[in-house]
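Everything below concerns the one structure shown next.
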Amino acid sequence: MPISPSPLWHPCTQMYQHQDHPPIEVVRGQGAYLYQADGTPLLDAISSWWVNLHGHSHPKINAAIIDQVQQLEQVMLAGFTHPPIEALAQRLVNLTPAPLTRCFFADSGSAAIEVALKMSLQYWQQSGSPERTTFISLANGYHGETLGSLAVTDIPLFSSQYQPLLIQHLRAPSPDLTLKYTDESDESFLTRQFAAIKALVEVHRDRLCAIIVEPLVQGAAGMKMYPPIYLNWLSSLCREYDIHLILDEIAVGFGRTGTMFAHEQADICPDFLCLSKGLTAGYLPMSCVMTTEDIYQAFYSPDVARGFLHSHSFTGNPLAARAALASLDIFANQHTLNRNQVLIQTMQQELTKLQTHQHIAHVRQTGMIGAFNIVQANGTSYPATSGKGKLVAHYALSHGVLLRPIGDCVYLIPPYCITPDEIRHVLDTARRAIEFAVSQHLPAMMSEAALP
Ligand code: PMP
């Protein structure tokens with residue numbers, strides 16, 4: 001068996017598959033495009049794992065990082081501070097609901113989830129409720145792959161092997177609208193799903209720390225979407241039973257759902273707001289957990305051990321903070337959210353055209369995220385091992401578009417510099433890719449599990 005000479009072990013990858021399809025080498029990025037060594041462009045329709053916001057190699061973000069690297073590349077954030085991180089914390093506080101007054105920085109999305117889980121648990125420990133040690137997450141939820149975040153993630157492919165390392169929490173049914181019965185209204189389906197989580201809270205109320213959810217879009221499970229009203233109900237439930245609400249906006253924050261943050265659409269304020277990915281416009285690893293004064297005060301004490309003694313070496317890195325500030329400047333100066341409305345409408349028009357396609361079902365959109373599923377001609381799903389998504393990815397790549405379906409879910413989350421014509425091109429390529437995929441039979445060996 002030929003083994004690749006590269007020492008690289010790629011993330012979320014069965015390396016065996018690279019025998020036939022070596023990883024694509026990208027040497028340069030510009031705007032919505034990535035470029036291979038021979039100059040071949042690839043339209044990055046998924047923002048490089050949903051991180052890139054304003055395009056690759058953006059001149060303003062590049063300039064901010066270059067300016068910062070000449071002043072200070074890194075300083076530890078325990079006992080020290082620096083202007084970019086102070087400015088970023090203030091900007092985030094200004095952008096989010098008034099009760100969110102405090103920012104704790106970490107270095108990845110998963111780390112932010114660990115921080116939120118630990119903070120919530122420690123809050124209850126230090127507020128006279130040490131029996132509260134359990135979290136509720138949603139079916140299909142994804143919150144990362146470190147052990148704490150994986151314990152609240154419901155993607156068995158990623159978690160089942162590691163069960164001996166994972167703490168058991170509680171799981172409630174997903175509000176994903178594709179799960180409703182064909183003759184059921186959205187409202188009655190959501191009422192049904194909400195009743196289940198409410199019942200869980202009622203039974204376990206005394207031992208609950210928090211409910212954690214991805215607001216509006218459950219990304220890694222295959223862009224499963226639900227409307228803001230479910231978040232309103234959830235927020236009221238948390239208030240009624242005095243438990244925390246953790247909103248994981250790691251994937252959906254910074255304009256992806258149409259508004260700056262997804263929770264704005266429900267007009268609610270969580271106890272913890274987790275941000276990453278788009279925080280630095282996809283440039284550098286950084287995450288932030290925002291929380292309230294009430295929670296902050298529960299840690300504030302002359303007793304060192306009551307503090308939140310959690311740290312990452314690169315917490316609050318100045319280069320990442322400058323990238324984040326430059327990104328927020330672009331939002332403000334270029335009215336990005338307003339300009340995105342045109343892209344959102346284009347996506348809507350193009351998605352509508354796909355609705356009648358016999359191999360496409362569950363066409364859906366939340367702001368700048370569009371998705372649909374590949375189905376058989378009779379409308380039923382393909383078996384999980386059909387590999388249709390993989391064929392779509394190969395076809396799209398060979399036609400210059402980077403798509404990475406999750407199982408049979410084809411989606412786009414483009415950078416905001418994409419043009420309406422490019423959106424049309426992406427969706428047209430996706431349609432042709434599906435037509436190609438359904439006409440092929442992939443050998444079982446190549447079939448792929450649903451990886452994000
Ligand atoms: N939460 C959500 C909703 C995510 O989509 C992701 C990453 N896809 C994470 C958490 C984990 O972030 P990271 O990969 O930076 O650890």
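Brief remarks on what is shown
- A single entry from V152, V201 fulfils the requirement of being over 21 Å from the mean Cα position of the chain (by Cα) and either hydrophobic (A, V, I, L, M, F, W, C) or exposed (fewer than 15 other Cβ atoms within 10 Å of the Cβ) (or both): V201.
- Scanning the range 61-75 for residues that are surrounded by fewer than 21 Cβ atoms within 10 Å (Cβ to Cβ) and touching a His at 6+ places or on another chain (Cβ under 8 Å) yields L72, V75.
- Counting only residues that are over 26 Å from the mean Cα position of the chain (by Cα) and of a type outside the set (D, E, K, R), the range 165-194 holds 4 of them.
- Scanning the range 260-283 for residues that are more than 15 Å from H244 (Cβ to Cβ) and in contact (Cβ under 8 Å) with a residue 40 or more places away in the chain yields a total of 14.
- Test: F372 is outside any helix (DSSP H, G or I) and not assigned by TED's automatic domain parsing to the domain that holds R431: no
- Scanning the range 35-79 for residues that are in a loop (DSSP other than H, G, I, E, B), at positive phi and under 24 Å from the mean Cα position of the chain (by Cα) turns up G55, S57.
- Among the candidates Q14, Q30, residue that is within 30 Å of P420 (Cβ to Cβ) and either free of Cβ contacts under 8 Å to residues at least 60 places away in the same chain or surrounded by fewer than 12 Cβ atoms within 10 Å (Cβ to Cβ) (or both): Q30
- Looking only at the range 264-279, and only at residues there that are outside any loop (DSSP other than H, G, I, E, B) and more than 14 Å from the chain's Cα centre (by Cα), the one that is surrounded by the fewest Cβ atoms within 10 Å (Cβ to Cβ): E264
- Filtered residue count, the range 76-92, keeping only those that are over 28 Å from A32 (Cβ atoms), surrounded by 14 or more Cβ atoms within 10 Å (Cβ to Cβ) and among the hydrophobic types (A, V, I, L, M, F, W, C): 4
- Note on the range 108-149: residues that are outside any helix (DSSP H, G or I) and under 16 Å from the mean Cα position of the chain (by Cα) total 11.
- Scope the range 222-254; condition away from the ligand (no atom under 11 Å from the Cβ), part of a loop (DSSP other than H, G, I, E, B) and buried (at least 22 other Cβ atoms within 10 Å of the Cβ); matching residues: G222, Y226, I243, F254
The values are calculated or read from the model by the stated rules, or taken from the named source; none is laboratory data. All of these numbers come straight from a predicted model, not from anything done at the bench. Note that we place each Cβ from the backbone using ideal geometry, even for glycine, and neighbour counts take in every protein chain shown.
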